[in-house]
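In what follows, a structure is listed as structure tokens, so that the remarks can point back to it.
The values are calculated or read from the model by the stated rules, or taken from the named source; none is laboratory data. On a predicted model such as this, the values are computed, not experimentally measured, just so you know. Positions of Cβ are backbone-derived with ideal geometry, glycine not excepted, and every protein chain shown enters the neighbour counts. Just so you know, the surface numbers come from the protein's heavy atoms only, side chains and all, with ligands and any DNA or RNA stripped out. Shrake-Rupley method; radii C 1.70, N 1.55, O 1.52, S 1.80 Å.
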Amino acid sequence: MARPAPTVPRFHPPPPAANRRKPIPPSAPAAPASTRRRTLTWLLRWGFIASVWLTLAAAVTVLWFARDLPRPESALDAVRRPSLTLQDRSGHVIATFGDLVGEPLHLRAFSPWLPAAIVAVEDRRFWHHPGIDPIGLLRAAWVNLTAERVVQGGSTLTQQVAKTLFLSNARTTKRKVQELLLTLWLERHFSKQEILEIYLNRVYLGSGAWGMDAAARIYFGVSARRLTLPQAAVLAGLPRAPSRFNPRVNPAAALARGKQVLAAMAASGAITEQQARTAAERIEFPPSPGAPGWFADWVAGQSQALLAPDADAELRTTLDSHDQRVAETRLAALLADAGATDNVGQGAVVVLDAANGAVRAMVGGRNFRDSPFNRAVLARRQPGSTFKPFVWLTALRAGLTADDKVLDAPLRIGPWTPVNFEHRYLGEITLQEALAQSINTAAVRLLLRCGGPKAVAATAAQLGISDPLPKNASLALGTGEVGLLELTAAYAPFFNGGNRVVPFGLERTPHQPERVIDPAQAAMMARMLAAVVTRGTGRAAAIPNQLVAGKTGTTQDFRDAWFIGSTKGRLIGIWLGNDDNAPMRGVMGGDLPARLFRDIATKLD
């Protein structure tokens, strides 16, 4: 039987590309439900594990930053340095040392302008944010970005309280994290009113003042209860930069900052635009008590024996703020004018009560901030002819009188030949005339005639000169070295009836005057020193219709120029010179120092 022929498949050509159908891939098989459950379980499990680890890491981070966090509940009992407050003789504060804290006040006790000013300029959204203000941070960032410098901060008042109470000003991540933690703690434990109250009582405002009440008393002489709107604006502007905006240090900057605060108050609706304009015109500061830095430092050193350990103290001093301002301004004016022309770089002035030695003014140099070295107390310079009254007093004690004669003629002592300034000689003249004309040869002859250098040094020591003095005849011409305050006080017995005084600056520590000169001899010395001014070398110190007495002094090569004088119960001592002992241009005691004495004396009343 024949085989059937094989079947040959028939060929069909593929259709044109345009008509060809795309192959349809087979659909993926649906994942089983068990697989989906396993994936979801895996995600939940690892998400939970990750969240646990993240939470643990966050907790460890917080614990690390909080490991040395101070106890917040002890903030209001923070330890501070005991303060010393010095007042002038009228009771006005002139200086503070340590941390000065005013009366703690409740929020309602402050002048209402003060909280409003602080909120307006420091944290306008204070009453609405939870302690951290994201809106304020963004606004500050934008302002600083557009200004291309830092002109606005984003810290809230609560953050500032946290930093003030607990932390330092260090710009570190750790400090910022701790600040945030403490900020949240404060917001949880205190009301907004209490936080603002803590801020007002604890913020630092310059000049050693902690809290608004202390600052109000220092800068305006009033309690924070009675601050006016202009005063509140000035104080509210201080926290940003207490040194730069300090009214005592930079009144112009304080004024400008106060106006900024008033503008912020008007912008926030706390006051009207008209109130802001009126208050800006009324910003003024009480007269500065001068620059008693030298005096304050000197008195602070004297006060240590009077202070109880760890206790605040407030002491009344002998300083007269009016006299201090006069002495300060007149010396500065002289140094800037005639002093600049004559190469006078420095000067010092003291004003004393001749009756008891109370220091009414003390200027230790040109500018305390530039040079706090006290030239009135610490510097030792040759007094020149201002030392001669001790020689003349020794002569009176030896039995001479003002009308007795002394020879003015050339003199030689071994290799030394003292000469008069003008190289002329008057022959026999009275002691009074010799002192009035400051005759050098007469001074040396009197020293040799009345016991020599030892006797004159003893007289000077009796009147208060404690520095060691030369043991040769040059002592008569003031070749020793003395301090201005000590030398001025040593003149007191000539004008108070013969009583030695010890200069003092605290009202509670006066020294009992001690009789060291016979009253008749004191009167004779006062008469001779008055002749110095009426017809001698001190004529430039004369004041019409006013009794003035004193003595000029000039050292070799014009290195020192002095005038020590008395009028109306006051002693005024003046020294001019240079710290490096450079010569001045012909300045003598009877010139600029005598003129400065007259200038100060006429303005003290």
Place a +1 charge on the Cβ of each Lys and Arg in region 500-605 and a -1 charge on the Cβ of each Asp and Glu, then give the dipole magnitude about the Cα centre in debye, rounded to the nearest 20. 400 debye
Cut-off 12 Å between beta-carbons: net charge of the residues surrounding Asp591, Lys and Arg +1, Asp and Glu -1: +3
Quick one: which residues, 5+ away or cross-chain, put their amide H under 5 Å from the amide H of Glu314? H built at 1.01 Å from N. Thr85
When the convex hull of its Cα atoms is projected in every direction, mean area for region 349-475 (nm²): 9.8 nm²
Can you classify region 284-394 as rounded, prolate or oblate using the Cα gyration tensor, where a ≥ b ≥ c are the square roots of its eigenvalues, rounded means a/c under 1.5, and otherwise it's prolate if a/b beats b/c and oblate if not? oblate
Once all protein chains are kept in place, His92 shows an accessible area at probe 1.4 Å, nearest 10 Å², of 120 Å²
Say a paramagnetic label sat at a point 7 Å from the Cα of Trp416, along Cα to Cβ; which residues of region 481-500 have their backbone N under 17 Å from it? 481-482
How about region 495-550: which trypsin sites (Lys or Arg not before Pro) there are in a DSSP loop, with at most 16 other Cβ atoms within 10 Å of their Cβ? Arg508
Accessible area (Å², 1.4 Å probe, nearest 10) - His322: 70 Å²
Got a number for the accessible area of His423? Probe 1.4 Å, square angstrom, nearest 10. 130 Å²
Obtain the nm distance between the two label points defined at Arg89 and Phe190 by a simple spin-label model: each point lies 7 Å from its Cα along the Cα-to-C-beta direction. 4.4 nm
Ranking Asp133, Asp605 from most to least accessible area with a 1.4 Å probe gives Asp605, Asp133
Scattering from the C-alpha atoms of region 386-451 alone, worked out with Debye: what is log10 I(q)/I(0) at q = 0.24, 0.28, 0.29 1/Å? -1.04, -1.36, -1.43
Given all pairs of different Cα atoms, what value in angstroms does the Kirkwood hydrodynamic radius of region 218-270 take? 11.2 Å
Starting from the 7 Å offset along Cα-to-Cβ, what nm value, one decimal, do you get for the label separation of Ala523 and Arg539? 2.9 nm
May I ask you to compute the full-extension gain from Ala308 to Arg37, defined as 0.36 nm times their residue separation minus their alpha-carbon distance, rounded to one decimal in nm? 89.6 nm
Measuring from its Cα centre, region 295-430 shows a charge dipole (+1 at each Lys and Arg Cβ, -1 at each Asp and Glu Cβ) which, in debye to the nearest 20, is 440 debye
Projecting the Cα atoms of Thr430, Ala398, Gly414 onto the charge dipole of region 393-441, where Lys and Arg contribute +1 and Asp and Glu -1 at Cβ, the residue farthest towards the positive end is Gly414
Using a Förster distance of 41 Å, the FRET efficiency for Arg282-Leu547 (Cβ separation, nearest 0.05): 0.40
Output the pairs from Lys388/Lys471; Lys471/Lys568; Lys454/Lys551; Lys388/Lys568 with a Cα-Cα distance over 26 Å in this structure; if there are none, say none. Lys471/Lys568
Among rounded, prolate and oblate, which fits region 174-233 when a ≥ b ≥ c are the square roots of the eigenvalues of its C-alpha gyration tensor, a/c under 1.5 means rounded, and a/b larger than b/c means prolate? prolate
Tell me, what is the per residue accessible area of region 291-367 in Å², probe radius 1.4 Å? 35 Å²
According to the square roots a ≥ b ≥ c of the eigenvalues of the Cα gyration tensor, what is the shape class of region 466-566, taking rounded for a/c under 1.5, prolate for a/b larger than b/c otherwise, and oblate for the remainder? oblate
Per-residue HN-Hα couplings for region 477-485, Karplus 6.51 cos²θ - 1.76 cosθ + 1.60 at θ = phi - 60°, whole Hz, x for Gly and Pro? 9, x, 8, x, 10, 9, x, 5, 4
If you keep only loop residues by DSSP, which trypsin sites (Lys or Arg not before Pro) in region 329-371 have at most 16 other Cβ atoms within 10 Å of their Cβ? Arg369
Considering only DSSP states other than H, G, I, E and B, which chymotrypsin sites (Phe, Trp or Tyr not before Pro) in region 385-419 qualify as loop sites with at most 13 other Cβ atoms within 10 Å? none
Top to bottom by accessible area (1.4 Å), largest first, where do Ser303, Ser268 land? Ser268, Ser303
